[in-house]
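Trainee: Pasting in a structure now, in C-alpha cells, and then I'll have a few things to ask.
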Amino acid sequence: MTRAPKIAAMPGVEETSKRTEAMSDHQPRKPLAVLVAPQSLPDLLTAILAIVDIGAHLALRYGFSVSTLSQNIPLYVTLFLGGLPLFFHLSA
C-alpha cells in the first residue's frame, strides 16, 4: 500500500493521516456466501422469492389493470416454490 506524502505546512494533516492509516487495517467484507450458513441458504432464497413475488403482486394489483387471476399468479408461484421444499423437508 502506498502512502500519500504528508504536508507539514497544513495543520491537521498529520491527524487525518493517522486516522486513515488506522482505518486501513480493517479486514475486507466477506461475501454473502460466507455470511450465510449453508443449511439456511434455501430458507434465505425462499424469503427473497417471497419478497419479490409479493412486490410483483402489488405492482400487478395497483399498477396495472389486470385480471384477479393474473394478480395472484406471483402469490401462487411463491406458495408452490416455497411450500413444496418445506413440505418435503418436514415430511422427511
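The values are calculated or read from the model by the stated rules, or taken from the named source; none is laboratory data. These numbers come from a predicted model, not from an experiment. As a convention, Cβ positions derive from the backbone with ideal geometry for all residues, glycine included, and neighbour counts pool all protein chains shown.
Trainee: Looking at the stretch 41-51, is at least one residue within 30 Å of the chain's Cα centre (by Cα), small (Gly, Ala, Ser) and modelled with pLDDT of 85 or more?
Mentor: yes
Trainee: Check 33, 22, 4 and return the single one that is surrounded by fewer than 11 Cβ atoms within 10 Å (Cβ to Cβ), at pLDDT below 85 and not in a helix (DSSP H, G or I).
Mentor: Unique residue meeting the criteria: 4.
Yes/no matrix, rows are residues, columns are (1) free of Cβ contacts under 8 Å to residues at least 40 places away in the same chain; (2) exposed (fewer than 12 other Cβ atoms within 10 Å of the Cβ):
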position	(1), (2)
39	yes, yes
57	yes, no
60	yes, no
73	yes, no
78	yes, no
82	yes, no
85	no, no
92	yes, yes
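Trainee: Moving on to the next point. Go through the stretch 55-92 residue by residue and tally those that are more than 21 Å from residue 44 (Cα to Cα), of a type in the set (S, T, N, Q) and in a helix (DSSP H, G or I).
Mentor: 4
Trainee: Select from the stretch 41-50 the residues that are of a type in the set (Val, Ile, Thr) and surrounded by 11 or more Cβ atoms within 10 Å (Cβ to Cβ) and list them in ascending order.
Mentor: Scanning the stretch 41-50 gives a single hit, 46.
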